[in-house]
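Written below as structure tokens is the structure these notes are about.
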Amino acid sequence: MVQAIRFAKTGGPEVLEWQQVDVGKPGPGQVRLKHSAVGLNYIDTYQRSGLYPMPLPSGLGSEAAGIIEEVGSGVSGLKPGDRVAYAGGPLGAYSEARVMPADRLVPVPAGITDSQAAAMMLKGMTAWYLIRRTHAVKKGETILIHAAAGGVGLIVCQWAKHLGATVIGTVGDDEKAALAKQHGCDHPINYRKEDFVARVAEITGGKKCPVVYDSVGKDTFYKSLDCIAPLGLMASFGQSSGAYGPVDIGILAGKGSLFLTRPTLNTYTATRNDLLAAAKELFDVVASGAVKIQVNQTYPLRNAAQAHRDLQDRKTTGSTVFTV
């Protein structure tokens with residue numbers, strides 16, 4: 001038996017319980033994995049609260065790193081003792097150990113620590129699909145990323161800057177503005193003090209941006225559309241402030257024949273080849289030093305409820321990792 005975070009009903013952080021669970025042995029195509037570090041992501045709060053419904057009771061968490069303890073039949077390319085990481089697959093990363101589908105695991109290179117891997121897989125591959133696939137950021141472009149001091153935001157800022165873009169980012173206070181600037185954000189905007197629509201127009205000389213990456217949702221959605229150049233793209237990949245509700249797509253015509261997408265990491269890494277390609281590009285850009293993974297908070301896994309409170313209260317920056 002091992003310990004894990006489980007929840008039997010949706011609600012606030014208090015519904016998270018530290019329980020004993022039976023992991024069992026890996027079946028065909030599976031491995032048993034002992035976790036060393038587990039990543040915290042905003043989607044975890046959506047699932048816990050019921051915003052993203054799922055069968056209950058349930059485990060939680062979709063990102064972690066650790067050591068393979070045992071492999072099931074039919075597994076090739078992985079063996080006991082290998083360091084691996086993952087993002088996605090069945091929920092249950094908030095656990096000391098678990099059984100996982102082998103084809104969702106990625107070997108961790110020697111230059112990447114377990115803590116970095118647990119912090120970078122979901123957020124880093126999200127950054128990858130946003131700036132390499134959803135809208136391939138090009139040298140000379142000016143882009144806008146909301147929550148620039150968050151886990152995905154700090155990676156997007158660095159990576160987009162590395163690609164030659166000018167990066168505008170919104171943040172909630174001056175401390176986060178300074179952090180974003182240290183990580184490649186050319187123009188951090190404290191949205192509590194400034195109108196980010198007016199600042200984007202000023203920074204771009206009225207041309208606006210070819211793409212806006214928005215994980216905030218309700219509070220920023222319509223203003224984000226006002227920051228996009230004609231024929232530009234709105235990539236809405238989260239809703240930390242709440243759902244933005246029904247949208248009359250006619251608004252996209254009036255604002256310049258805009259495009260709107262709601263992408264997910266699961267779609268962009270659905271095949272094994274896409275998953276490995278995403279992880280390789282992410283590991284390479286981190287190993288090169290162009291992108292630094294900022295683990296700014298760590299909590300013991302049993303304290304997951306407190307970590308959820310701090311994340312939702314916007315007390316965290318960069319990535320947060322649970323120690324196991």
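General remarks:
- The lysines whose alpha-carbon is closer than 27 Å to the alpha-carbon of LYS79, local same-chain residues fewer than 8 away aside, are LYS25, LYS34, LYS123, LYS280.
- Rg/Rh for the chain, where both radii come from Cα atoms and Rh is the Kirkwood radius: 0.98
- Estimated distance in nm for a label pair at GLU175 and ASP274, the labels positioned 7 Å out from Cα along Cα-to-Cβ: 3.9 nm
- Residues VAL15, VAL247 arranged by fewest to most Cβ contacts within 10 Å: VAL247, VAL15
- The chain: calculated mean residue ellipticity at 222 nm from DSSP helix runs of at least 4, using -39500 (n - 2.57): -8000 deg cm²/dmol
- Close amide H contacts of ALA165 (hydrogens built in the peptide plane, cut-off under 5 Å, sequence separation of 5 or more or a different chain): GLY140.
- Mean separation of Cα contacts under 8 Å (6+ apart) over length of the stretch 139-262, as relative contact order %: 20 percent
- Candidates SER58, SER36, SER215, ranked by Gaussian network fluctuation over the chain, Cα under 10 Å, top entry: SER58
- Angle between the chain longest axis and helix 114-128 axis [Cα atoms, degrees, rounded to 10]: 40 degrees
- Nearest-ten-degree value, helix 272-287 long axis tilted from longest Cα axis of the chain: 70 degrees
- Amide proton proximity set for PHE237, modelled H, under 5 Å, gap of 5+: ASP214, SER215
- Average Cα contact separation per residue, the chain, under 8 Å, 6 or more apart, as relative contact order %: 18 percent
- Over 31 Å (Cα to Cα) - which of LYS138/LYS315; LYS9/LYS223; LYS218/LYS315 fall in this group: LYS138/LYS315; LYS9/LYS223
- DSSP beta bridge pairing in the stretch 139-262, given as percent antiparallel to the nearest 5: 0 percent
- Selected from ALA119, ALA148, ALA305 as most flexible by GNM, with the chain as the system and alpha-carbon contacts under 10 Å: ALA305
- Backbone geometry of the stretch 290-305 corresponds, through the Karplus equation with coefficients 6.51, -1.76 and 1.60 at θ = phi - 60°, to 3J(HN,Hα) couplings of 5, 10, 9, 8, 9, 8, 9, 9, 10, 9, x, 4, 5, 9, 4, 4 Hz, x marking Gly and Pro.
- Taking trypsin sites (Lys or Arg not before Pro) in DSSP loop states with no more than 13 other Cβ atoms inside 10 Å as exposed sites, the chain has its longest site-free stretch at 10-137.
- Ranking ALA180, PHE196, GLY164 by Cα position along the charge dipole of the stretch 157-196, where only Lys, Arg, Asp and Glu carry charges on their C-beta atoms, puts GLY164 farthest toward the positive end.
- With Rh defined as the Kirkwood radius, the inverse of the mean 1/r over Cα pairs, the Rg/Rh of the stretch 199-240 is 0.98.
- Centre separation in Å (Cα based) which lies between the stretch 147-186 and the stretch 244-284: 20 Å
- The DSSP beta bridges internal to the chain are antiparallel in roughly 55% of cases.
- Taken along the Cα-to-beta-carbon direction at a fixed 7 Å, the label points for LEU260 and ASP82 span 4.3 nm.
- Rounded FRET efficiency, nearest 0.05, which uses the C-beta distance separating THR10 from ILE249 and R0 of 35 Å: 0.70
Read the figures in this text as sums done on the coordinates, not as results from a lab. Everything numeric here is computed off the predicted structure, so don't read it as measured data. Because the Cβ atoms are built from the backbone with ideal geometry, glycine has one as well, and the counts that use them run over all protein chains shown.
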